[in-house]
Amino acid sequence: MLKKSSLTVLSLVVGFAIATTACGGGGSATNSSSGAETKPAESAAPAGPVKLVITTSGGSAPEAFERTLGGPIKKRFPNYTIEYVQQTKEQGINEIITAGTPLDIVYETIGSMAKGLIAPGMAADISDLIKKHNIDLKQFDPVLIDGMKTLGGGKLYGLPVNTDILVTYYSKDLFDKFGLPYPKDGMTWDAMLELGNKLTREADGIKYLGFAASVNHYLKLNQYSVPFVDPKSGTSSYSDDKWKTIVDTVFKEPAKNTVYQDYMKAHKNSVPYRNEFIKDKNLAMILYLSNLHAGSYVKDLESMNWDMVSAPSFKDKPGVGTQPYPVYWNVVSTSKNKDAAMEVIKYLTSEEYQMEVSKAGSATVLTSKAVREAIGQQLTLKHKVNLGAMFYNKNAPISPKTLNDDAVQSLLEKSVPNIVLNTTDENTALRQAKEAADKVISENKAK
């Protein structure tokens, strides 16, 4: 699974909360700004009072939901009563259903859709509702719509409201310290890793590291769109040669310097991660979800001179970034208020709401030029930041998802440090991961 700090759906929308509650407008944080106004979404909401019950496996706290989502929805639909049911370890989706709670909307990340919506039998094709409520699918990034269709076998269970992408955050402080040029949008993996290797060194007793990628996020959102489970065979995909390319390029190559490896050995053989970048400040570049600056790490970043550029691309995939990680809002199959639920989703996907998401510094699900150019306008950053890097690359297609993905991913993820430190060669690690994964898939199938 994604690490706890990035797993919750709250982390995908918290930037909106911070901007709307803590900022009074601020200045633009991007290379361009837009003063374009958006028209409120036309409503076909039921005339009478309606109660909608909403939940998510992300487990967002009720007060956080109210601040980021419940409040805006109630303001837009004053005749709606919005009830949020928080999921916990003791009360998941199955327990909520068993208790007879009448759910209307379930929202989930693409990685949680299988367990949080489909497996419990709550998924329903909303294609007719989309037409009925005059929602134009062409306004969305097509990769996000195609990702849902892939998941639903051609059906649309929901629509994307929030999304993230992997971008390269970098420390201008470290590049300035060692007199090296900053990274740029559109770099290849070869160019970015060469730059990172130049920076990796030991100075004044401190080991400085050039580049690291979030292992968990990159495996899940890899640029080749390789799934963890092959949809045709139903077995692990770790025999696919693209996994070897991914492991070699993204994780092994940045760590070939002995300084890098010595650092890992002194830190429990762990691949450098977020803390090295924002707290220890000895990591120059990190490939990470594009919500780092709009989440709970804002204060850490305030003490840095940082910026971002697009994820590097492979030579055989020029201009292609990583897969996005969207949050879909889904009308539950058993809902008695499907039209009202659809109106809420229509509002959350409208330019009116998405403009606020963008201004708060988070990626929009729309292709609207005006909405994208408004990104970060309400962030109170100390310096100008290239937030447009989120949209520089074309998104890679979203890979097929299964109930076994988390278990299969973890088997490779835990092997990455051994591969990086050359205690296990990648061919052996991938073979062992496949054997173990296929066993898990077989056991789960027999249950």
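The values are calculated or read from the model by the stated rules, or taken from the named source; none is laboratory data. Here the structure is a predicted model, which is why all the values come from computation and not from measurement. Here the Cβ is made from the backbone with ideal geometry for all residues, glycine too, and neighbour counts use every protein chain on show.
If the condition is being in contact (Cβ under 8 Å) with a residue 60 or more places away in the chain and crowded, with 18+ Cβ neighbours inside 10 Å, then the range 82-111 contributes 103, 104, 105, 106, 107, 108, 109, 110, 111. Select from the range 131-143 the residues that are surrounded by fewer than 18 Cβ atoms within 10 Å (Cβ to Cβ) and within 25 Å of the chain's Cα centre (by Cα) and write down the one among them that is nearest to residue 371 (Cα to Cα). Once the filter is applied, the top-ranked residue is 139.
Applying the set (1) of a type in the set (S, T, N, Q); (2) within 16 Å of residue 189 (Cα to Cα); (3) part of a loop (DSSP other than H, G, I, E, B) to residue 269 leaves exactly one unmet item: (2).
Residue-wise test of (1) of a type in the set (A, V, I, L, M, F, W, C); (2) at pLDDT below 95; (3) under 18 Å from the mean Cα position of the chain (by Cα).
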{"site": "340", "(1), (2), (3)": "yes, no, no"}
{"site": "344", "(1), (2), (3)": "yes, no, no"}
{"site": "353", "(1), (2), (3)": "no, no, no"}
{"site": "363", "(1), (2), (3)": "yes, no, yes"}
{"site": "371", "(1), (2), (3)": "yes, no, no"}
{"site": "374", "(1), (2), (3)": "yes, no, no"}
{"site": "380", "(1), (2), (3)": "no, yes, no"}
{"site": "384", "(1), (2), (3)": "no, yes, no"}
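The helices (runs of 4 or more DSSP H) located wholly in the range 138-214 that include 2 or more residues which are within 30 Å of residue 256 (Cα to Cα) and of a type in the set (A, V, I, L, M) occupy 189-199.
Residue by residue, here is whether (1) aliphatic (A, V, I, L, M); (2) assigned by TED's automatic domain parsing to the domain that holds residue 128 holds:
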{"position": "253", "(1), (2)": "no, no"}
{"position": "270", "(1), (2)": "no, no"}
{"position": "283", "(1), (2)": "yes, no"}
{"position": "286", "(1), (2)": "yes, no"}
{"position": "294", "(1), (2)": "yes, no"}
{"position": "299", "(1), (2)": "no, no"}
{"position": "307", "(1), (2)": "no, no"}
{"position": "336", "(1), (2)": "no, yes"}
{"position": "346", "(1), (2)": "no, yes"}
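Of the residues making up the range 339-350, at least one is in a helix (DSSP H, G or I), under 24 Å from residue 400 (Cβ atoms) and not small (Gly, Ala, Ser). Note on the range 238-256: among residues that are in contact (Cβ under 8 Å) with a residue 40 or more places away in the chain and buried (at least 20 other Cβ atoms within 10 Å of the Cβ), the one that is farthest from residue 310 (Cα to Cα) is 238.
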